[in-house]
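The structure under discussion appears below in the form of structure tokens.
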Amino acid sequence: MHLKICTKDLALIGIYATLYAMLVVVLGGFSYGPIQVRIADALLAAVPLLGLPGVLGHTLGVFIANIFSPAGLIDLLNTIPSFAMSFVVYYVYKRTKNDYTVIGTCISYSVVLGVTVGWMLSYLYALPLLLTIAYVAIGNVIASVLIGWPLFKLLKKTGVFQKVV
């Protein structure tokens, strides 16, 4: 597979990553900890419209945001499932062109991150594992589906990315 990245793609990656990281850090009280709603994860729903630059921007944004995590540098490991699942969100939509797959894949993202982040937080803070997984997954669904889905529909309807991507 040959990955060709042009200047426009680099700009999209940088803008997405900056916006994601900024939202996480500025809204830090909501973004970190056992009970969290990372409002920045609403941007995940834009990944299918941005393509691979969206996947890479999401991954870089998560990495930068997690540098500031109160959990410490161990939180950087959560960049890996974030990358894998943001790629799934992009790829499934690309293959199906079905808007509703965005909801399903964002829920899948939430479950996977619920498990990985929940496990880490449970381990670090000696909290009940299943409860921590549930809190993280529910918070992620709130951001990526309840906020992200309307964002996806709005961006698709306005065609803003058709001019850019």
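Readers should treat all values here as calculations from the given coordinates under stated rules, not as data from a laboratory. All values derive from a computational prediction rather than experimental measurement. Reconstructed Cβ throughout: ideal geometry from the backbone, glycine too, with neighbour counts over all protein chains shown.
Tabulated data for the structure shown
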quantity: The chain - mean residue ellipticity at 222 nm from DSSP helices (-39,500 (n - 2.57) per run, n ≥ 4, rounded to 500); calculated: -22500 deg cm²/dmol
quantity: Filtered chymotrypsin sites (Phe, Trp or Tyr not before Pro), segment 66-165: DSSP coil and at most 14 other beta carbons within 10 Å; calculated: 68
quantity: In degrees, nearest ten, helix 79-96 long axis to first principal axis of the chain (Cα); calculated: 40
quantity: 19 Å Cα-Cα reach of residue 153 towards aspartates and glutamates, excluding residues that sit fewer than 8 places from it in its own chain; calculated: 41, 99
quantity: Which of 113, 151 has the fewest Cβ neighbours within 10 Å, and the rest in rising order; calculated: 151, 113
quantity: Distance from segment 1-64 to segment 117-131 (C-alpha centre basis), Å; calculated: 24
quantity: With at most 12 neighbouring Cβ atoms within 10 Å, loop trypsin sites (Lys or Arg not before Pro) (DSSP) excluded, longest segment of the chain; calculated: 5-96
quantity: Most mobile listed residue (26, 145, 117) in the chain, GNM with C-alpha springs under 10 Å; calculated: 26
quantity: Spin-label model distance (nm) - residue 125 vs residue 15, 7 Å beyond Cα toward Cβ; calculated: 3.5
